[in-house]
């Protein structure tokens, strides 16, 4: 079964949003739990918004937003979505990091990277790095191409959808693993020791539950025309 085109993105349990173009169709009215770029944080080093998306130079551009208890996922389910277009897929490039890597308090922070043409999920199990690689997708990314990246935890499992194609990051590997850390800083486009993203990112949306396959498809269909 597929969803019908023209449906809006899922608003239920959307707890946080950063959106360069503000075209996602969700009315952001509670800035205690949902925010737009004007009140979410700091835009570093002259980061530019070009045609409604963030343009990151891969050198020193990133978006920073403050510690927030909504990112204390613990062992609960969550979903995180963003659209990316990479201009450099060499090495590790950080798409986002939540509650991780800025200091020794980065316990159980998470970060999502492009690594070559794959997507890879990391976590910080105890304190600062070293990190643990949770898992990765097959090599499917190409340069200068828009992709919807949708990460979700579902019980002990983690999945990553790339343009609505579902890949298993780990099956059972998150048993008993707590994720998220409200005490640490959050970033789009970097972690503490660099790994700056190079290319375009149209923000990030966070849900405090695991969206179903149909809901992931609905979000993808609602927005993909913006990136064609």
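Quick notes on this structure:
- Neighbour counts of other Cβ atoms within 10 Å put 171, 87 in the fewest-to-most order 171, 87.
- Nitroxide proxy distance, nm - points 7 Å out along Cα→Cβ at residue 164 and residue 214: 1.4 nm
- Modelled FRET efficiency - R0 22 Å, residue 171 with residue 90, Cβ distances, 0.05 increments: 0.15
- What separates the Cα centres of the range 67-95 and the range 140-174 is a distance of 11 Å.
- Stretching residue 140 away from residue 225 to a fully extended chain increases their span by 28.5 nm, per 0.36 nm per residue minus the current alpha-carbon distance.
- Potential extension, residue 76-residue 59 segment - 0.36 nm per residue separation minus Cα distance: 2.7 nm
- With neighbours defined as other Cβ atoms within 10 Å of a residue's Cβ, the residues 72, 184, 60 order from fewest to most as 60, 72, 184.
- Taking other Cβ atoms within 10 Å as a rough exposure proxy, 133, 177 sort from fewest to most as 133, 177.
Where a number appears in this text, it was derived from the coordinates with a stated rule and is not lab data. Everything quoted here is computed from the prediction, not taken from an experiment. Here the Cβ is made from the backbone with ideal geometry for all residues, glycine too, and neighbour counts use every protein chain on show.
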